[in-house]
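The values are calculated or read from the model by the stated rules, or taken from the named source; none is laboratory data. Predicted model, so just to flag it, every value in this text is computed and none were measured. Glycine also receives a Cβ, built like all others from the backbone with ideal geometry; neighbour counts cover every protein chain displayed.
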Protein chains: 2
Amino acid sequence: MLKDAHDPTPRECGECPIRHRAVCARCDAQELEQLDQIKYYRSFEAGRTLIWAGDRMDFVGSVVSGIAMLTQTLEDGRTQMVGLLLPSDFVGRPGREKAAYNVVAVSDVVMCCFRKHPFENMMEKTPHIGQRLLEMTLDELDAAREWMLLLGRKTAREKIASFLAILGRRNAVLNMSKAAGQVVFDLPLTREAMADYLGLTLETVSRQISALKRDQVIHLEGKRHVTVPDFDRLLEEAGDDSDGGMLA
Amino acid sequence: MLKDAHDPTPRECGECPIRHRAVCARCDAQELEQLDQIKYYRSFEAGRTLIWAGDRMDFVGSVVSGIAMLTQTLEDGRTQMVGLLLPSDFVGRPGREKAAYNVVAVSDVVMCCFRKHPFENMMEKTPHIGQRLLEMTLDELDAAREWMLLLGRKTAREKIASFLAILGRRNAVLNMSKAAGQVVFDLPLTREAMADYLGLTLETVSRQISALKRDQVIHLEGKRHVTVPDFDRLLEEAGDDSDGGMLA
DNA sequence: CGGTAAGTTGAGTAGAGTCAAATTTGGTGG
DNA sequence: CCACCAAATTTGACTCTACTCAACTTACCG
């Protein structure tokens, strides 16, 4: 089982798929060159824990490909996901010694890591990095607050519908289609991971997915492939306050 | 009822009580002078809504004194608090047109407001502001994630204990005593606001406070004044994973 | 001293959790 | 290609925590 994940695919920053969305997005050629000096790639296979809460962190970095989750755990094992990391998302906190959360690879993951101290030094001198990181952190904070509303006040059915709506909306953005009529995507998470995301048990997740299927809000092929025939219907089920997220 | 709250107490930045903790913390004398050009004070009385979600925002700012809360609401009125703003906390998001959350004064509040466009321009040229805002935003994100664990996975009793522990810890920091043996403080929120903070109903909040009182975990004088005879006992009740918050 | 808002307590209910069993699926080795 | 295994998922039966609705108490303000 310990076979190494392969193909770390070190690249030139210029060809990096997350070049324009990651923490380096605002950097100019010269700054990228500096980053290049302190960066290295690491790969992890699905299921592997990249970082344990409390571990010393000697790097920060960006997810280049794959999906990872941030989790927190109570003493008795109850687990709550507190972040879902997609390509270009940032991992770690400059200035912090020890990891605050577990980071677990959901799929195979490639990370672009920066040695922490050089990165911190560079942040001091290179406003572009801090500016972009601020932007990204504010976005994450907004996402976290939306998530808090879900965790604190939504029913199980609404939680599932909301999660599906998030995935559908993201997928629509990637396809540059607007999420309106039919939307199709794959669930990136197991039922258990969805439960940890939503603050439910995996049984409840399963039951509510079945209920949404029974009520024709979604169709399933296999366990993971979802078709939403009417996205507005799904949004109603999600219970959100109309609009669907203002960003401006 | 519409009497204006009084004493906006405009001040010199040099004498400002939040000078060293707010978004201006890293600014030098010359930068403070610039900020002074674009700032003004506003006061709000307890209970007043400072900002409605969706409103156009022409300012950002800092809480100078008092307490405010950020809330989100579902169509049917279910409300979740997503931020509790104490003196020095920042309100608003540079670059955003419309407010994303309701901001409600819990007590009488004084805010130091900066006109948005000049502030944004200044951020471009003055790294100190963005740097400090990044630090503060990362802190808020950590707090939000702790909060997500509470909302998603803790029992009602644990939620109450956790909230009391947060208040007790903050109080200990202010008194520069370490939160260990006996801790005393006042609840800043009504039962209803606590419920919105914790994702509970106000009846459940009341019942669980009564239960903690019955079990001698806390003592109450009046409805608001709390004595925690044994802080470690309270932390056990909060169910947290030992330590109690690493920052480094 | 009354009136109102805040808080407490009680009784009954419902939604999500727990424990357990059945089913499906994807991968493996023959 | 097929049988088999382990993991993921679904479903059922039952329980229990927190919610709802309602009555009552307390504290505060004019």
Can you confirm whether B:G168 is in the same structural domain as B:S62 (by TED's automatic domain parsing), more than 12 Å from DNA strand C (Cβ to nearest atom) and crowded, with 19+ Cβ neighbours inside 10 Å?
no
Hits in segment B:1-47 - residues which are modelled with pLDDT of 95 or more and among the basic types (K, R):
B:R19, B:R21, B:R26, B:K39, B:R42
If I go through segment B:58-76 residue by residue, how many of them are farther than 30 Å from B:V173 by Cα and more than 10 Å from every other protein chain (Cβ to nearest Cβ)?
2
For segment B:104-222, give me every one of the helices (runs of 4 or more DSSP H) that falls completely inside it and has 3 or more residues that are hydroxyl-bearing (S, T, Y).
B:202-214
Test: residue in segment A:118-139 that is among the charged types (D, E, K, R) and surrounded by 20 or more Cβ atoms within 10 Å (Cβ to Cβ):
no
Take the residues in segment B:180-199 that are within 17 Å of B:M69 (Cα to Cα) and touching a helix residue (DSSP H, G or I) at 6+ places or on another chain (Cβ under 6 Å); name whichever of them is farthest from DNA strand C (Cβ to nearest atom).
B:L198
Would you mention how many residues in segment B:219-240 are surrounded by 14 or more Cβ atoms within 10 Å (Cβ to Cβ) and within 11 Å of DNA strand C (Cβ to nearest atom)?
2
Which one of A:L50, A:L32, A:L74, A:L85 is in contact with a helix residue (DSSP H, G or I) (Cβ under 9 Å, 6 or more places away or on another chain) and under 29 Å from B:L150 (Cβ atoms)?
A:L74
Positions within segment B:88-97 being touching a Phe, Trp or Tyr at 6+ places or on another chain (Cβ under 9 Å), assigned to a loop (DSSP other than H, G, I, E, B) and more than 10 Å from chain A (Cβ to nearest Cβ), in sequence order
B:G92
Subset of segment A:72-87 [more than 15 Å from A:E140 (Cα to Cα) and either touching a residue at least 40 places away in the same chain (Cβ under 8 Å) or in a strand (DSSP E or B) (or both)]
A:Q72, A:T73, A:T79, A:Q80
When both residues are 6+ apart or on different chains and their Cβ atoms are under 7 Å apart, which pairs have a first residue that lies in segment B:199-214 and is away from chain A (no Cβ under 14 Å) and among the basic types (K, R), and a second that is surrounded by fewer than 14 Cβ atoms within 10 Å (Cβ to Cβ) and assigned to a helix (DSSP H, G or I)?
none
For A:I38, state whether it is crowded, with 19+ Cβ neighbours inside 10 Å and not assigned by TED's automatic domain parsing to the domain that holds A:L198.
no
Scanning for something modelled with pLDDT under 95, more than 30 Å from B:R96 (Cβ to Cβ), more than 20 Å from the chain's Cα centre (by Cα) and charged (D, E, K, R), does segment A:174-189 turn up at least one residue?
no
Just one of A:A144, A:A100, A:A105 is within 29 Å of A:T204 (Cα to Cα) and either without any contact (Cβ under 8 Å) to a residue 40 or more places away in the chain or outside the structural domain of A:D55 (by TED's automatic domain parsing) (or both); which is it?
A:A144
In the set A:S43, A:S88, the lone residue that is within 23 Å of A:L134 (Cβ to Cβ) and buried (at least 17 other Cβ atoms within 10 Å of the Cβ) is A:S88
